[in-house]
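Some notes on the structure that comes next.
The values are calculated or read from the model by the stated rules, or taken from the named source; none is laboratory data. Since the model is a prediction, treat every value here as computed from it, not as a measurement. Quick reminder, even Gly has a Cβ in these numbers, built from the backbone with ideal geometry, and neighbours come from all protein chains shown. Side chains are part of the model used for accessible areas, which takes the heavy atoms of the whole protein and leaves out ligands, DNA and RNA. Shrake-Rupley method; radii C 1.70, N 1.55, O 1.52, S 1.80 Å.
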Amino acid sequence: MNIVVCVKYVPDATADRHFEDDNTVDRVGVDGLLSELDEYAVEQALQLKEKNEGSEVTVLTVGPEQAVDAIRKGLQMGDDQGVHVVDDAIAGSDSVATSLVLAKAVEKIGSDNVDLVVCGMASTDGSMSVVPAMLAERLDLPQVTFGSVIEMQGKEVRIKRDGDTATEIIGGTAPLVLSVTDQSGEARYPSFKGIMAAKKKPVETWSLSDLGVDASQVGLSAAWSQVEDTAARPPRTQGEIVTDEDGSGATALTEFLASKKFI
């Protein structure tokens with residue numbers, strides 16, 4: 001079984017993040033890492049590989065030169081090879097353009113031989129959760145998304161999807177696009193052996209021309225949506241202290257919470 005797991009290189013949430021002059025996220029001048037939600041996708045892809053002898057996992061990402069670090073993390077966890085699509089024209093792309101580039105990359109990897117395309121539930125920077133569905137449409141594949149439990153027997157894939165009011169059991173036949181949630185199981189930590197082995201695993205670098213994608217189809221100028229304006233987070237103000245010197249603390253606290261509509 002051949003599995004492609006799509007991952008994203010995102011700014012570190014603990015670092016100082018900011019926007020460029022064109023209101024796009026700065027992905028070059030900040031520390032970045034493999035999106036935490038995509039680690040669950042890598043984990044589920046590896047579990048499926050381990051249950052199906054002879055399987056291979058290719059980790060795929062689209063992003064700047066530094067995005068290769070996301071691929072390296074996947075290889076350290078156990079993926080077999082990596083593909084990095086990098087091109088200056090991609091900067092500023094929205095989900096529509098990103099899904100196009102990913103789809104063309106999957107086709108170049110060999111869509112006729114790919115059994116599963118695995119994605120996380122969302123990126124930790126954009127949080128749109130739409131790329132897996134767009135990718136399935138472009139590849140003309142069925143999709144089973146937001147899986148918290150994943151089971152596979154032969155070509156049959158079944159997932160449990162937990163909603164706000166109900167739990168669904170959804171099935172499909174591979175090849176298909178699968179997305180998994182952060183409830184699907186904790187991602188493994190790369191072992192020392194895995195870190196050393198990752199250095200010898202192949203990573204291919206492709207440009208838009210390698211995929212047959214015209215630069216006019218991607219980037220900020222082709223985006224269907226864009227950020228109009230941004231504002232810095234206001235500085236944190238000092239909190240209100242409630243004292244209880246005369247026994248009125250509980251009343252004062254209740255009134256404060258009520259005024260903020262917390263109760």
(request) Report, ordered by chain and residue number, the lysines lying within cross-link reach of Lys49, taken as a straight Cα distance under 29 Å and ignoring same-chain residues fewer than 8 apart. (result) Lys8, Lys73, Lys104, Lys108, Lys155, Lys160, Lys193, Lys199, Lys200, Lys201
(request) Report, to the nearest 10°, how far helix 36-51 tilts away from the longest principal axis of the Cα atoms in the chain, using its own Cα long axis and a range of 0 to 90°. (result) 40 degrees
(request) Considering Cα pairs under 8 angstrom that are at least six residues apart, work out the relative contact order of region 44-100 and quote it in whole percent. (result) 34 percent
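Output the antiparallel fraction of DSSP beta bridges having both residues in the chain, as a percent to the nearest 5.
On the way: 16 of 42 bridges.
Here the antiparallel bridges make up roughly 40 percent for the chain.
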(message) Whole angstrom only: what separates the Cα centroid of region 185-218 from the Cα centroid of region 147-173?
(response) 27 Å
(message) Over region 1-156, what portion of Cα pair distances is larger than 26 Å, expressed as a whole percent?
(response) 21 percent
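What net charge do the residues around Thr251 carry, taking every other residue with its C-beta under 14 Å from that of Thr251, with Lys and Arg at +1 and Asp and Glu at -1? Walk me through the intermediate numbers first.
Values: positive: none; negative: Asp244, Glu245, Asp246, Glu255.
Net charge in that neighbourhood comes out at -4.
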(message) Show me, bin by bin at 10 Å from 0, the whole-percent P(r) of region 127-215 based on Cα pairs.
(response) 14, 30, 32, 22, 2
(request) Kindly express, to the nearest 10 degrees and within the range 0 to 90, the angle between helix 95-110's C-alpha long axis and the longest C-alpha principal axis of the chain. (result) 30 degrees
(request) Using the 2.2 N^0.38 Å rule of thumb for compact globular proteins, work out how the chain stacks up: its C-alpha Rg over that value, please. (result) 1.19
(message) Which one, Ala136, Leu102, Met77, is farthest towards the positive end of the dipole of the chain when Lys and Arg carry +1 and Asp and Glu -1 on their Cβ?
(response) Met77
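Would you calculate the volume per residue, in Å³, of the smallest convex hull containing every Cα atom of region 176-263?
Numbers: hull volume 32.0 nm³, N = 88.
Per-residue hull volume (Cα only) is 364 Å³.
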(request) Could you tell me what percent of the accessible area of the chain is made up of carbon and sulfur, with a 1.4 Å probe and every protein chain present? (result) 48 percent
(request) Taking every Cα atom in region 189-239, find the radius of gyration and the maximum pairwise distance Dmax, and write them in Å. (result) 21.4, 56
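Could you do me a favour and compute the accessible area per residue for region 1-95, 1.4 Å probe, result in Å²?
Values: 4040 Å² over 95 residues.
Accessible area per residue, region 1-95: 42 Å².
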(message) Using a Förster radius of 22 Å, what is the FRET efficiency between Glu156 and Glu186 based on their Cβ-Cβ separation? Nearest 0.05, please.
(response) 0.30
(request) For n ≥ 4 DSSP H runs only, could you compute -39500 (n - 2.57) per run for the chain, divide by its residues and tell me the 222 nm figure to the nearest 500? (result) -8500 deg cm²/dmol
(message) With angles folded into 0 to 90 degrees, how steeply does helix 68-77 sit against the dominant principal axis of the chain? Use alpha carbons for both and round to 10.
(response) 80 degrees
(request) For Ser111, tell me the accessible area in Å² from a 1.4 Å probe, rounded to the nearest 10. (result) 50 Å²
(message) Among Thr181, Ser248, Ser111, whose Cα projects farthest towards the positive end of the dipole of the chain, with charges put on the beta-carbon of Lys, Arg (+1) and Asp, Glu (-1)?
(response) Ser111
